[in-house]
Amino acid sequence: MNKITGMTLATVLVLTGCGGGGGGGDGSSPAAALPAATSVSGTAAKGIIKQAKVLVCRIVNGVPEPDASCASTTSGNDGSYSVTLSDGYTGPAMVKVMAGTASTMVDETTGTDIPYNMTMRAVIPAISKTTTAYVTPFSEMAASAVSTTTIDATKISQSIAAVQSVMLTLGIDMSVMPMMDLKNNGADAAKLTLQSNMVKQLARVAMAAKNSDLLKDASGVACNAAGTTASQQIACAVSAMAGVMNSYVTADATKSANVLAALNAQNATGVNMPMLKADGTIGMQLADMTSSASMQTAMQNAGMTVSAAANTVNVVMGGMR
């Protein structure tokens, strides 16, 4: 697991500092100080990804370390994950959300859980004491854009910027939580706007996977080809989006135009939105994301007061793309 809890680390530090007793010691060298642990946490969503294997892999000499050496955990039923690096690593890293035997993701168009059968990644320029990384189809685009043999902090930052530039008309910001967080941001209409927009764009990915023939697999077959399951369609769409990026600074103009056209054609009129409620639980609220009244009802059903929801929804609706 390559992990150490905060309580365990604190205990080790206390014991190291106390030594073996009073007096002047025996002249031996003092114990080396342990490095301060670093951590990576976040949410995996296309929609919410549950019970998937999550790896946080250090990037050493331009290459992610082998999976067996990465810090690992399992995503929760709210899509959250958190790992601790006890060695205090602060360099670039790659997060991988991989399919497990019981991995599922929420299909926002139906509100049901369907199999999660792919890998999505996010790249981090540098890990700090507490680092947040959200794993979505858009972060997978950035991971795809980075060279697989010469990854460094600069290229990671450039790849993230390149993807956000390509997705600018959709208002994509990969630092935004892919759900509405009423628990921590209920009074921050601007933050809720960004989160709502991310949810809307992720829902459009699921819709486009099922409805658009502009998203194609590597062989040129439309993701929504007859006989494919929703899981296969979404995995194909995510791969098609990642295929837009030629390198960490360029995108294929034709492919990016097709992806944007496919997403923009989807009207998010029936989205099962994940919301982190004030009590810390996750709820799915069905909403027409093109309707102020429907969005207000969804917020109220998630626990916001009538007045707070009314004040917030005007900002949210004005900021979504």
Response to the item:
Rounded to the nearest 10, the angle in degrees between the Cα long axis of helix 230-242 and the longest principal axis of the Cα atoms of the chain comes to 70 degrees
Worksheet item: Leaving out ligands, DNA and RNA, what percent of the accessible area of segment 181-251 is carbon and sulfur, probe 1.4 Å?
Response: 50 percent
Response to the item:
With Cα coordinates, the longest principal axis of the chain makes an angle with the long axis of helix 6-18, in degrees rounded to 10, of 20 degrees
Discussion item. What is the distance in Å between the Cα centroid of segment 124-173 and that of segment 90-104?
Written reply: 15 Å
Worksheet item: Among (i) 30, 49, 20, 1; (ii) 31, 53, 13, 3; (iii) 19, 22, 14, 11, 24, 9, 2, which is the computed P(r) over Cα pairs in 20 Å bins from 0, in percent?
Response: (ii)
Worksheet entry | Cross-link reach list, lysines versus LYS129, counting only Cα pairs under 26 Å and skipping chain neighbours closer than eight places | LYS3, LYS50, LYS53, LYS96, LYS155, LYS183, LYS191
Worksheet item: How much length is gained on full extension from THR269 to ASN301, taking 0.36 nm per residue of separation minus their Cα-Cα distance?
Response: 9.8 nm
Worksheet item: For the Cα atoms of the chain, what angle does the longest principal axis make with the long axis of helix 153-166, in degrees from 0 to 90, nearest 10?
Response: 10 degrees
Worksheet entry | MET245, MET317, reordered so the largest accessible area comes first (probe 1.4 Å) | MET317, MET245
Discussion item. Over segment 257-321, what is the relative contact order in percent, taking alpha-carbon pairs closer than 8 angstrom and at least six residues apart?
Written reply: 23 percent
Worksheet, complete the sentence: In whole percent, the fraction of accessible protein surface over segment 32-139 that belongs to carbon or sulfur atoms, probe radius 1.4 Å, stands at 53 percent
Worksheet item: Each label point is 7 Å from the Cα along the Cα-to-Cβ direction; what then is the distance between the points at THR90 and ALA126, in nm?
Response: 0.7 nm
Worksheet item: What distance in nm separates the simple spin-label points at ALA225 and THR250, each placed 7 Å from Cα in the Cβ direction?
Response: 2.9 nm
Worksheet item: For the chain, what is the accessible area per residue in Å² when the probe is 1.4 Å?
Response: 43 Å²
Worksheet item: Mind checking which of SER239, SER69, SER139 has the largest fluctuation in a GNM of the chain, springs on alpha carbons under 10 Å?
Response: SER69
Discussion item. Ignoring everything except DSSP H segments at least 4 long, calculate the 222 nm mean residue ellipticity for the chain; use -39,500 (n - 2.57) per segment, divide by total residues, nearest 500.
Written reply: -11000 deg cm²/dmol
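Determine the relative contact order of segment 37-169: mean sequence separation of Cα pairs under 8 Å and six or more apart, normalised by residue count, in whole percent.
Working: 318 pairs, mean separation 39.2, N = 133.
It rounds to 30 percent for segment 37-169.
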Discussion item. Leaving ligands and nucleic acids out of the surface, order ARG321, ARG58, ARG121 by accessible area at 1.4 Å, largest first.
Written reply: ARG321, ARG121, ARG58
Practice prompt. Mind checking the full-extension length gain between THR110 and LYS183? Use 0.36 nm per residue of separation minus the Cα-Cα distance, one decimal, nm.
Written response: 23.8 nm
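Tell me the relative contact order for the chain as a rounded percent, counting alpha carbon contacts under 8 Å between residues six or more apart.
Taking the mean separation of contacting Cα pairs over the length of the chain, I get 16 percent.
The values are calculated or read from the model by the stated rules, or taken from the named source; none is laboratory data. Since this is a predicted model, take the numbers as computed values, not measurements. Virtual Cβ from ideal backbone geometry, glycine too; neighbours counted across all protein chains shown. Areas reflect the complete protein model, heavy atoms only, side chains present, ligands, DNA and RNA absent. Shrake-Rupley method; radii C 1.70, N 1.55, O 1.52, S 1.80 Å.
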